[in-house]
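Engineer: Got a structure for you, questions after.
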Amino acid sequence: MTTLTKTEGEKAPTGPDSFLSVRDLRVRFSTEDGIVKAVDGLSFDVERGKTLGIVGESGSGKSVTNLTVLGLHNPKTSTVEGEILLEGQDLVTTPEKEMEKLRGNKVAMIFQDPLTALSPYYTVGRQIAEPYMKHTGASKKEARDRAIEMLTKVGIPQPKTRVDDYPHQFSGGMRQRAMIAMALVCDPDLLIADEPTTALDVTVQAQILDLLKDLQQEFGSAIIFITHDLGVISDMADDLLVMYSGRAVERGSVREVLRAPRHPYTWGLLSSMPRLGGSTSQPLMPIPGSPPSLLNPPSGCPFHPRCTFKDQVSGDRCSTERPALGEGRASACHLTAEQKQTIFIDTIQPRLR
Ligand SMILES: Nc1ncnc2c1ncn2[C@@H]1O[C@H](COP(=O)(O)OP(=O)(O)OP(=O)(O)O)[C@@H](O)[C@H]1O
Ligand SMILES: [Mg+2]
């Protein structure tokens, strides 16, 4: 990135390394059918300058978690409990007015759906330039130049002309890139990227991923990266969080989790996702059963109704006792460490080759 808008390391992190620290987060929605427990006791950390990857089936709470970090949940229909500490400041209790100042500047999000972020009524250029003017005090001309620069960076052809287009004049992939330009325009300290490159072709995807790496190198930004693509995860993320039913079931460095996963759900997930460089001889195996109801989550371990290894745990612990996720490299499962290792090596690993 060529335009420096803030000095690296302006503010010292509060913890040793943790830039964002989420503790026991619970997000509930009141619906006609009852209370949806979309996030149910989730804790994780993101270090400054590092990328946390989040994986999990559809409906596991990835987007809700991250929208809540940005304060974008609707307070009328949802309740949020727990702590979201950004450099020690609790975003759960931060007033909306102050959140508005943080959003787009210090924290930014690339949304799963570009139409959530882009307004049909303003030109793409204006939508990129406005947060820049607001947060940096740049002039109209400077902000327009910055918008053109950002459009160039995300690979929009003829950026000097396209800057005056409206979102509907852009193709789907171009809208996605325009939204990425909008998220990156103020060089955020924390960037949340929710499936940022799903709609893009491989070349553009590589270009966007490089752009995110540049942002991180230059500004030491922390990134939360949500994707279903394991190749992208292993390329981008330092740490990995596996989510199921609004909770974290496994956590560790990307290397550790992808090489030696310990939770039956992670085993299922990895067997059901295409692997970069993996052989094509092993068929993808979908996880049997369907994701649990969030209105009436199963007792004990939320994964136990679908788990093929629960018989190896003595008694009915899996259906009665919620397994805890320890600190650091951890998995929330009642199997012993030895069982996890043996099952992985004997049964799971051969499937992943
Ligand atoms: N406003 C809402 N009201 C009620 N339920 C909601 C609301 N928003 C999300 N949910 C529910 O919360 C759960 C988690 O949704 P979320 O969007 O976080 O899933 P996700 O992990 O991002 O899935 P995907 O991979 O499909 O994007 C889902 O069951 C969803 O239906
Ligand atoms: Mg989502």
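Engineer: Being touching a helix residue (DSSP H, G or I) at 6+ places or on another chain (Cβ under 6 Å) and modelled with pLDDT of 90 or more is the filter; apply it to region 185-208 and report the residue that is nearest to ligand 1 (Cβ to nearest atom).
Structural biologist: ASP194
Engineer: Another question, then. Considering each of GLU98, GLU130, GLU83 in turn, give the residue that is of a type in the set (D, E, K, R) and under 29 Å from LEU295 (Cα atoms).
Structural biologist: GLU83
Engineer: Now a separate question. How many residues are under 23 Å from SER21 (Cβ atoms) and either charged (D, E, K, R) or in contact with a strand residue (DSSP E or B) (Cβ under 9 Å, 6 or more places away or on another chain) (or both) if we restrict to region 206-219?
Structural biologist: Residues meeting the conditions: 3.
Engineer: Sticking with this structure for a sec: Can you tell me which residue is modelled with the lowest pLDDT among those in region 153-168 that are surrounded by 16 or more Cβ atoms within 10 Å (Cβ to Cβ) and in a helix (DSSP H, G or I)?
Structural biologist: LYS153
Engineer: Kindly check whether there is at least one residue in region 310-320 that is surrounded by fewer than 21 Cβ atoms within 10 Å (Cβ to Cβ), under 24 Å from the mean Cα position of the chain (by Cα) and either on the phi < 0 side of the Ramachandran plot or part of a helix (DSSP H, G or I) (or both).
Structural biologist: No, region 310-320 contains no residue that is surrounded by fewer than 21 Cβ atoms within 10 Å (Cβ to Cβ), under 24 Å from the mean Cα position of the chain (by Cα) and either on the phi < 0 side of the Ramachandran plot or part of a helix (DSSP H, G or I) (or both).
Engineer: Select from region 321-353 the residues that are among the hydrophobic types (A, V, I, L, M, F, W, C) and not in a loop (DSSP other than H, G, I, E, B) and list them in ascending order.
Structural biologist: ALA330, ALA337, ILE343, PHE344, ILE345, ILE348, LEU352
Engineer: Here is a check on your reading of the model: is HIS228 modelled with pLDDT of 95 or more and under 30 Å from ASP24 (Cβ atoms)?
Structural biologist: no
Yes/no matrix, rows are residues, columns are (1) away from ligand 2 (no atom under 16 Å from the Cβ); (2) more than 28 Å from the chain's Cα centre (by Cα); (3) charged (D, E, K, R):
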| position | (1), (2), (3) |
| --- | --- |
| MET109 | no, no, no |
| THR116 | no, no, no |
| TYR121 | yes, yes, no |
| GLY125 | yes, no, no |
| ILE128 | yes, no, no |
| LYS134 | yes, no, yes |
| GLU142 | yes, yes, yes |
| ARG146 | yes, no, yes |
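Engineer: Continuing with the same structure: In region 61-75, which residue that is of a type outside the set (Ser, Thr, Tyr) and near ligand 1 (Cβ under 10 Å from one of its atoms) is surrounded by the fewest Cβ atoms within 10 Å (Cβ to Cβ)?
Structural biologist: Ranking the candidates gives ASN74 first.
The values are calculated or read from the model by the stated rules, or taken from the named source; none is laboratory data. Remember, predicted model here, so these are calculated numbers, not experimental data. Note: ideal-geometry Cβ built from the backbone for every residue, glycine included; neighbour counts use all protein chains shown.
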